[in-house]
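Step one of this worksheet: look at the structure below.
The values are calculated or read from the model by the stated rules, or taken from the named source; none is laboratory data. Just so it is clear, the model here is predicted, and its values are computed rather than measured. When we count neighbours, we look across all protein chains shown, and the Cβ atoms used for this are built from the backbone with ideal geometry, even at glycine. Only protein heavy atoms, including side chains, enter the accessible area calculation; ligands, DNA and RNA are left aside. Shrake-Rupley method; radii C 1.70, N 1.55, O 1.52, S 1.80 Å.
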Amino acid sequence: EKLIIDELKYLASSLITLQYVIDPEVILIGGGVSQNTYFMGLVGKALKIVQSKRSNYKVLPVVLPAKYGNDANLLGAIFNLIS
């Protein structure tokens, strides 16, 4: 788990940067990995670790799995096809 957390710190840093630059209400993670609750928990853990090491990070982004998960790309393709 420690190795995975170490790698997820890069993702966490990117998510925090997005939070401060764009200021979205929610950041959605899609794809098959978004349906893995263990992975999503590790992302949250990595966010807290990165935040704890930087005193200027006051706000953590809200990160949620995308509603349609791994099927989002297929639904988007169908939507573009019929519209």
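Convex hull volume of the C-alpha atoms in region 39-83, normalised per residue: 93 Å³. For residue 45, the aspartates and glutamates whose Cα comes closer than 20 Å to its Cα, not counting residues fewer than 8 places off in the same chain, are 1, 6, 7, 25.
What does the charge dipole of the chain about its Cα centre add up to, to the nearest 20 debye, if the Cβ of each Lys and Arg holds +1 and the Cβ of each Asp and Glu holds -1? Kindly include the intermediate steps, with their values, before the conclusion.
Working: 8 positive and 6 negative charges, 73 e Å.
Taking the Cα centre of the chain as origin, the dipole is about 360 debye.
Excluding ligands, DNA and RNA, what is the solvent-accessible area per residue of the chain at a probe of 1.4 Å, expressed in Å²? It would help to have the intermediate numbers written out before the result.
Working: 5930 Å² over 83 residues.
That works out to 71 Å² for each residue.
Look at the alpha carbon pairs under 8 Å that are at least 6 residues apart: their mean separation over the length of the chain gives a relative contact order of 40 percent.
Using amide H atoms built in the peptide plane, which far-off residues or other-chain residues are under 5 Å from residue 63 H to H? Residues meeting the criterion, in which the H sits 1.01 Å from N, are 27.
Toward the positive end of the charge dipole of the chain, with +1 on the Cβ of Lys and Arg and -1 on the Cβ of Asp and Glu, the farthest Cα among 52, 74, 31 is that of 52.
Normalised by residue count, the chain yields a Cα convex hull volume of 100 Å³ per residue. Just the protein heavy atoms count here, and of the accessible area of the chain at 1.4 Å, carbon and sulfur take up 62 percent.
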